[in-house]
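Asks: Below is the structure I would like to discuss, written out as structure tokens.
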Amino acid sequence: MADSSQRKVQIFTSYAHEDEDLKNEMDKYLKVLKRSGKIDAWNDRALIAGQEWNDSIMNELRKADVILLLISVDFNASDFIWDKELAEAMRRHEAGEAYVVPIILRNCKWTSLPYAKLQALPRNARPILDYPDRDAAFTEVADGIERLVDHILAK
């Protein structure tokens, strides 16, 4: 069982809704970290009826220790992500307030974008959909996130 007194790392996932199936699959691999009590994870599907979605998303983004960017052509094409979520994520990264982790889901042009300077997952920034074994790709991502979480908790 998880130790409820342990600090939890807050994780925010930024993604395009076109990639929701891949986000849901990734969430399964993060479940071990949730069950261990190391993380709390949030994405916009946690919004409830009547909440002001823009304010809620931005508040959660500002509380996050780790911001996961699920990279695809749809992510890069989203005006809301570009103007709001990515701008705030990179601002927080530059200020040393949060870790921003690009997770390359699908092949797309991204190496000239602001997050390209950050270490991406999976290893060598190989898109998850390029792996013959998607389980191996998501396990690699989960391992990388767990190493980051452990680093944060050790501080």
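Asks: Taking 27 Å as the cut-off for C-alpha to C-alpha distance, list the pairs among Lys84/Lys117; Lys109/Lys155; Lys63/Lys109 that go past it.
Replies: Details: Lys84/Lys117 19 Å; Lys109/Lys155 35 Å; Lys63/Lys109 29 Å.
Result: Lys109/Lys155; Lys63/Lys109 exceed 27 Å.
Asks: Divide by every residue of the chain the summed helix terms, -39500 (n - 2.57) for each DSSP H run of at least 4, and state the resulting mean residue ellipticity at 222 nm, rounded to the nearest 500 deg cm²/dmol. Write down the numbers at each step before the final one.
Replies: Details: 5 runs with 61 residues, N = 155.
Only helices count here, giving -12500 deg cm²/dmol.
Asks: I've got another one for you. Output wanted: per-residue J couplings in Hz (rounded whole) for the stretch 12-19, from phi through Karplus 6.51 cos²θ - 1.76 cosθ + 1.60, θ = phi - 60°, x for Gly and Pro.
Replies: 10, 10, 9, 7, 8, 4, 5, 9
Asks: In addition: Any chance you could run the full-extension gain for Glu18 through Thr111? It's 0.36 nm times the residue separation minus the Cα-Cα distance, nm to one decimal. Before the final figure, lay out each step's value.
Replies: On the way: separation 93, 0.36 × 93 = 33.48 nm, distance 2.09 nm.
Additional length available on full extension: 31.4 nm.
Asks: Determine the gain in length on full extension of the stretch Arg7-Arg147; use 0.36 nm per residue of separation and subtract their C-alpha separation, reporting nm with one decimal. Before the final figure, lay out each step's value.
Replies: On the way: separation 140, 0.36 × 140 = 50.40 nm, distance 1.57 nm.
Contour length minus the Cα-Cα distance gives 48.8 nm.
Asks: Report the label-to-label distance for Val73 and Asp55 in nanometres (one decimal), using points 7 Å from each Cα along the Cα→Cβ vector.
Replies: The modelled label-to-label distance comes out at 3.8 nm.
Asks: Next question. Which Cα, out of Ala125, Ala87, Val149, lies furthest along the positive dipole direction of the chain (beta carbon charges, K/R +1, D/E -1)?
Replies: So the residue furthest toward the plus end is Val149.
Asks: Also, I was wondering about something else. On the accessible surface of the chain, probed at 1.4 Å, how many percent belong to carbon and sulfur atoms? Mind dumping the intermediate values first?
Replies: Numbers: 3980 of 8320 Å².
Percent of accessible area from carbon and sulfur atoms in the chain: 48.
The values are calculated or read from the model by the stated rules, or taken from the named source; none is laboratory data. Note that the structure is a prediction, hence the values are computed from the model and not measured. As a convention, Cβ positions derive from the backbone with ideal geometry for all residues, glycine included, and neighbour counts pool all protein chains shown. For accessibility, only protein heavy atoms count, side chains too; no ligands or nucleic acids. Shrake-Rupley method; radii C 1.70, N 1.55, O 1.52, S 1.80 Å.
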